[in-house]
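Colleague: Sharing a structure, written as structure tokens. Questions coming.
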Number of protein chains: 2
Amino acid sequence: MAEITDLARSGPKLTRIARTLGVSAATVSNALSGKGRVSAEMVEKIRATAAELGYVPSQAGRALRTGRTGVIGLVLPDIANPLFPQIAQAIELAASSSGYGVLIADSRGDVSTQTKAIERLIDRDVDGLVIVPRRGTRIADVGCPVAVIDTPSTPGNTVAADHWGGGQQIAEHLKALGHRRVLIIGNNPASNVQNDRAGGIRSVFGEGFHTDTLWIEPLEKLAGKGCPLGLAKKVAEGYTAFACISDLHALRALTELQRAGINVPEKASVTGFDDLIWSPVITPALTTARMDMTEIAAIAVAALVKAIRERDPSDPEIGAPVTAEKAKVPMHLVIRQSAAAPPQLIQATATAAPSVTEGGHQP
Amino acid sequence: MAEITDLARSGPKLTRIARTLGVSAATVSNALSGKGRVSAEMVEKIRATAAELGYVPSQAGRALRTGRTGVIGLVLPDIANPLFPQIAQAIELAASSSGYGVLIADSRGDVSTQTKAIERLIDRDVDGLVIVPRRGTRIADVGCPVAVIDTPSTPGNTVAADHWGGGQQIAEHLKALGHRRVLIIGNNPASNVQNDRAGGIRSVFGEGFHTDTLWIEPLEKLAGKGCPLGLAKKVAEGYTAFACISDLHALRALTELQRAGINVPEKASVTGFDDLIWSPVITPALTTARMDMTEIAAIAVAALVKAIRERDPSDPEIGAPVTAEKAKVPMHLVIRQSAAAPPQLIQATATAAPSVTEGGHQP
DNA sequence: ATCGCGTGATTAAACGATTAATCACGCGAT
DNA sequence: ATCGCGTGATTAATCGTTTAATCACGCGAT
């Protein structure tokens with residue numbers, strides 16, 4: 001039982017430090033920020049007593065004077081999305097490392113909710129925004145610097161994973177294993193991210209291969225939420241691999257197949273995207289492609305912070321999303337057990353898989 | 001392609017409205033807050049022009065004067081936890097309905113990280129905190145009002161789902177289906193939540209029944225992350241149902257069983273907790289118990305806001321977590337397909353299941 | 001001796017809102 | 001006619017920090 005104690009925010013003000021040392025508040029401010037002209041020894045003394053007294057500057061006072069709150073807003077398309085924890089965690093880490101706080105807003109629901117959410121954040125004087133846009137939304141003219149995380153092919157995108165490239169990696173892997181008929185399973189073709197992933201996969205399977213795409217959302221419109229995807233039939237049609245656009249779909253496919261007595265990966269391979277929390281612990285563990293959210297977040301926040309620093313807080317410069325030097329972060333193929341050679345080829349290509357493997361359960 | 005435009009935060013100040021109407025800033029402030037003495041017609045005029053000019057009060061100015069930022073902090077044990085989206089979404093909704101913003105902080109890692117996270121939030125002058133503590137942490141004396149969401153049996157808990165009751169509901173369901181030997185699968189007995197859920201389950205199976213508990217974390221310490229749980233052997237030992245403390249474990253159990261050729265629910269039943277995102281879409285869809293996060297969040301935020309309003313912002317009253325009238329919110333049993341009568345009893349008790357059922361896939 | 005200048009610190013204004021204290025004024029009561 | 005009082009609005013102080021402008025002072029150069 002650890003105790004957490006004594007974090008009271010009733011700290012001394014600037015003036016208190018000033019009075020303690022017999023100097024003016026301005027000097028203290030200058031000393032701590034390193035801006036004005038203060039003698040080295042004075043700086044040292046001030047630093048010391050500030051630390052000793054546990055001085056923490058009042059954000060409110062500072063914000064009022066400087067017009068900067070030191071807070072950025074994080075707007076997510078659907079906070080219930082299982083990818084959200086990864087994103088939020090990465091952004092929060094990157095932001096707090098740069099001294100920024102993260103205010104969240106959920107654009108659960110439609111685009112208008114997203115607009116409202118953005119508005120709320122702006123009204124709270126955030127210095128900038130990180131937005132993961134809803135499908136088909138374009139972000140423009142928000143009134144403060146904005147970093148957009150979507151997909152490299154979207155105009156206005158600041159930084160994102162190379163979804164297309166990730167699709168290619170998945171596809172190359174399946175191809176090397178010997179698959180020739182692959183079914184791509186996605187949710188909704190209106191999503192740029194999903195489209196890019198699917199496109200990357202297709203781009204690898206050229207002449208002599210066959211791919212088709214199953215979009216779940218339209219299917220569920222007809223057959224109801226959580227309806228079967230009819231994958232057993234697809235297997236009968238000769239499909240040997242199911243390349244899912246998200247681990248969530250992969251999970252759905254995998255359980256449906258296993259349930260139908262089609263063992264994965266012996267009789268059919270399944271791959272996913274995103275390396276969600278459950279992917280390593282299901283049986284068989286999921287082969288998938290992971291985004292480097294840490295790097296993406298770091299780039300997004302860095303670009304945002306740069307824009308914030310350069311910006312004159314007074315002018316309402318409504319501009320396009322900020323740009324980063326590196327807008328495309330490669331995805332990482334995580335090879336586990338859910339994809340293997342198709343049934344006909346099991347003996348022939350037992351060692352055909354690429355090299356990067358992740359073990360199942362060594363201590 | 002929707003466009004989001006023109007949300008610039010360069011709005012007019014109080015003084016601007018005042019000057020427009022030829023009154024003092026104080027009058028405007030009073031009119032908008034309804035506090036001082038302002039004539040009805042004046043109030044009306046001020047309201048109108050404020051709305052027309054799109055006035056949004058500066059949080060910084062207000063915060064400086066009142067000592068209230070209108071922001072609460074949300075501290076989560078592990079932001080990567082799949083439950084997080086539900087919690088964050090619910091808290092954000094409840095908070096923004098009460099006019100509060102939500103600043104997030106991740107206590108990824110150990111308790112000291114949690115302390116740091118709390119400290120960061122306090123330094124940002126949050127008015128209060130909602131904390132979902134890490135296992136075994138007790139929150140005390142933070143220096144601002146705190147709502148703790150843990151489990152009713154934990155001292156200092158403000159509000160939480162009735163995990164014990166949820167366990168009972170799951171257990172009653174399994175019992176009604178005819179199960180007599182049940183294996184409880186959890187992660188770590190140090191978690192109050194997990195303990196309560198397991199305890200609730202056990203409490204239902206008295207004389208003539210058998211339960212045992214499998215804790216994953218200790219097992220993985222020996223056998224490695226993502227190791228098999230050896231459930232086939234358990235089935236051979238006569239266990240017919242696996243009551244998992246979280247849907248994540250249920251998923252793991254379910255895939256392991258199916259993979260071993262033990263069909264769920266025909267040969268073994270699996271239940272979970274939390275109704276995580278994938279639970280409705282896997283095959284078979286997961287029978288589970290869901291927390292009413294919306295209500296929990298509403299209660300937590302309401303209690304927190306009440307404490308904030310009553311508090312004198314100047315005094316560093318370090319106190320215990322706030323209390324709510326209703327500290328225990330019932331869980332809801334969600335019956336799907338992953339639990340059914342045990343093999344021996346299939347014919348005998350085909351209709352023995354309780355009534356609340358959720359269909360698999362009707363449009 | 002005086003001017004100019006660099007150094008180290010101070011003064012004072014400003015950010016935008018809130019609020020206690022004050023004030024002007026009209027009206028009924030003494 | 002004057003006092004008291006309620007009403008509606010204003011004044012002015014305050015929250016804590018930043019920063020441009022100012023100031024005192026010592027020192028080397030003219």
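Colleague: Only loop residues by DSSP count here, and only those with at most 16 other Cβ atoms within 10 Å; note down the trypsin sites (Lys or Arg not before Pro) in region A:221-253 that meet that.
Modeller: Passing both the DSSP loop test and the Cβ count: A:LYS225.
Colleague: May I pose another question? Sort B:27-39, A:155-167, A:179-191 for me by packing, meaning the mean count of neighbouring Cβ atoms within 10 Å per residue, highest on top.
Modeller: A:155-167, A:179-191, B:27-39
Colleague: Which whole number in µm²/s is D for chain B by Stokes-Einstein, with the Kirkwood Rh taken over Cα pairs at 20 °C and 1.002 mPa s?
Modeller: Reported coefficient: 92 µm²/s.
Colleague: I'd like the mean, over residues of A:120-127, of how many other protein chain beta carbons sit within 10 Å of each residue's own Cβ.
Modeller: Shielding by partners across A:120-127 averages 5.
Colleague: Looking only at other chains, what is the average number of their beta-carbon atoms within 10 angstrom of each beta-carbon in A:94-104?
Modeller: The mean count of partner-chain Cβ atoms within 10 Å per residue comes to 4.
Colleague: Roughly speaking, what is the centre-to-centre gap between region A:173-197 and region B:197-217 when only Cα atoms are used, to the nearest Å?
Modeller: 43
Colleague: Return the equivalent ellipsoid semi-axes of region B:58-141 as a descending list in whole Å, where each equals the square root of 5 times an eigenvalue of the C-alpha gyration tensor.
Modeller: Each semi-axis is the square root of five times an eigenvalue, giving 23, 16, 9 Å.
Colleague: What 222 nm value per residue comes from the helices of the protein assembly as shown, counting each DSSP H run with n ≥ 4 as -39,500 (n - 2.57) and dividing by all residues, nearest 500 deg cm²/dmol?
Modeller: Calculated from helices alone, the mean residue ellipticity at 222 nm is -12000 deg cm²/dmol.
Colleague: If you put a point 7 Å past Cα along the Cβ direction, how far is that point for A:ALA48 from the same point in each other copy, in nm, smallest first?
Modeller: For A:ALA48, the inter-copy label distances come out at 6.4 nm.
Colleague: In terms of modelled amide H atoms, which long-range or inter-chain residues lie less than 5 Å from the amide H of A:LYS328?
Modeller: A:ALA160
Colleague: Test of the criteria: in region A:187-289, which GluC sites (Glu not before Pro) are in a DSSP loop and have at most 14 other Cβ atoms within 10 angstrom of their Cβ?
Modeller: When the GluC sites (Glu not before Pro) of region A:187-289 are filtered for loop state and at most 14 Cβ neighbours within 10 Å, A:GLU207, A:GLU237, A:GLU266 remain.
Colleague: Points 7 angstrom from Cα along the Cβ direction at A:GLU266 and B:LEU219: gap in nanometres?
Modeller: 2.3
Colleague: Which whole number of Å³ per residue matches the convex hull of the alpha-carbon atoms in region A:37-179?
Modeller: So the per-residue Cα hull volume is 195 Å³.
Colleague: With r defined as the distance between the Cβ atoms of B:ALA25 and A:ARG19 and R0 fixed at 22 Å, what FRET efficiency is calculated, to the nearest 0.05?
Modeller: For R0 = 22 Å, the calculated efficiency reads 0.10.
Colleague: Sticking with this structure for a sec: Kindly write out, for region A:206-214 in residue order, the coupling ³J(HN,Hα) from the Karplus curve 6.51 cos²θ - 1.76 cosθ + 1.60 (θ = phi - 60°), rounded to whole Hz, with x marking Gly and Pro.
Modeller: x, 3, x, 10, 9, 10, 9, 10, 10
Colleague: In nm, give the distance between the simple-model label positions of A:ARG65 and A:ALA320, each being 7 Å from the Cα along the Cα-to-Cβ direction.
Modeller: It works out to 3.7 nm between the two label points.
Colleague: Over the C-alpha atoms of the protein assembly as shown, what are the Rg and the largest Cα-to-Cα span, Dmax, in Å?
Modeller: Rg then Dmax for the protein assembly as shown, in Å: 28.0, 90.
Colleague: Still on this structure: Ranked from highest to lowest mean number of other Cβ atoms within 10 Å per residue, what is the order of the peptides A:331-342, A:120-131?
Modeller: Order by mean packing, descending: A:120-131, A:331-342.
Colleague: Against the empirical 2.2 N^0.38 Å scaling, what ratio does the C-alpha Rg of region A:236-314 come to?
Modeller: It is 1.68.
Colleague: Let me ask something additional. Applying 1/(1 + (r/R0)^6) with R0 = 30 Å to the Cβ-Cβ distance of B:GLU44 and B:SER97, what FRET efficiency is obtained, to the nearest 0.05?
Modeller: So, using R0 = 30 Å, E works out to roughly 0.70.
Colleague: Under the Karplus relation 6.51 cos²θ - 1.76 cosθ + 1.60, θ = phi - 60°, what is the ordered set of whole-Hz ³J(HN,Hα) values for region A:84-98, x standing for Gly and Pro?
Modeller: Coupling constants for region A:84-98: 4, x, 4, 5, 4, 4, 5, 5, 4, 4, 4, 5, 5, 5, 8 Hz.
Colleague: For region B:14-57, what's the radius of gyration and Dmax over Cα atoms, in angstrom?
Modeller: 8.9, 24
Colleague: Next up: If the viscosity is 0.692 mPa s and the temperature 37 °C, what Stokes-Einstein diffusion coefficient in µm²/s follows for region B:145-279 when Rh is the Kirkwood radius over Cα pairs?
Modeller: 214
Colleague: Measure up B:LYS233/B:LYS267; B:LYS175/B:LYS233; A:LYS233/B:LYS233 against 25 Å on the Cα-Cα distance and list the ones that go over.
Modeller: A:LYS233/B:LYS233, as the Cα separations exceed 25 Å there.
Colleague: On to the next question. Per residue Cα convex hull volume for region B:231-274, in cubic angstrom?
Modeller: 52
Colleague: In a shell of Cβ-Cβ distance under 10 Å around A:ASP196, excluding A:ASP196 itself, what net charge do Lys and Arg (+1) and Asp and Glu (-1) give?
Modeller: Net charge in that neighbourhood comes out at -1.
Colleague: Report ³J(HN,Hα) in whole Hz for each residue of region A:164-172, in order, from the Karplus equation J = 6.51 cos²θ - 1.76 cosθ + 1.60 where θ = phi - 60°; Gly and Pro get x.
Modeller: Whole-Hz 3J(HN,Hα) from phi for region A:164-172: 4, x, x, x, 5, 4, 4, 5, 4.
Colleague: Still on this structure, please answer the following. Using the 7 Å Cα-to-Cβ label point, sort the distances from A:THR113 to its equivalents in the other copies shortest first and give them in nm to one decimal.
Modeller: Here A:THR113 shows inter-copy label distances of 3.0 nm.
Colleague: Right, another one. Need one value for A:275-286: mean number of C-beta atoms belonging to other chains within 10 Å of its residues' C-beta atoms.
Modeller: What the average comes to for A:275-286 is 6.
Colleague: So, one more: So who's got an amide H within less than 5 Å of the one on A:VAL148, skipping anything under 5 residues away but keeping other chains? H placed 1.01 Å off N, in plane.
Modeller: A:ILE131, A:THR158, A:VAL159, A:VAL322
Colleague: Enumerate the amide H contacts of B:ASP106 below 5 Å, restricted to partners 5 or more residues apart or on another chain; note that Pro and chain-start residues carry no placed amide H.
Modeller: none
Colleague: Highest mean first, what order results for B:85-97, A:97-109 on Cβ atoms within 10 Å?
Modeller: B:85-97, A:97-109
Colleague: Would you mind pulling out the separation of the Cα centroids of region B:31-82 and region B:291-309, in Å?
Modeller: A separation of 20 Å, based on Cα centres.
Colleague: Sum up the charges of everything whose Cβ sits under 9 Å from the Cβ of B:GLY238, counting Lys and Arg as +1 and Asp and Glu as -1, but leave B:GLY238 out.
Modeller: Once all neighbours under 9 Å are counted, the net charge is +2.
A short reminder: the numbers here are calculations on the coordinates, not readings from a lab. Bear in mind that the values here come from a model prediction, so they are computed numbers and not experimental data. Please note: Cβ atoms are built from the backbone with ideal geometry, for glycine as well, and neighbour counts cover all protein chains shown.
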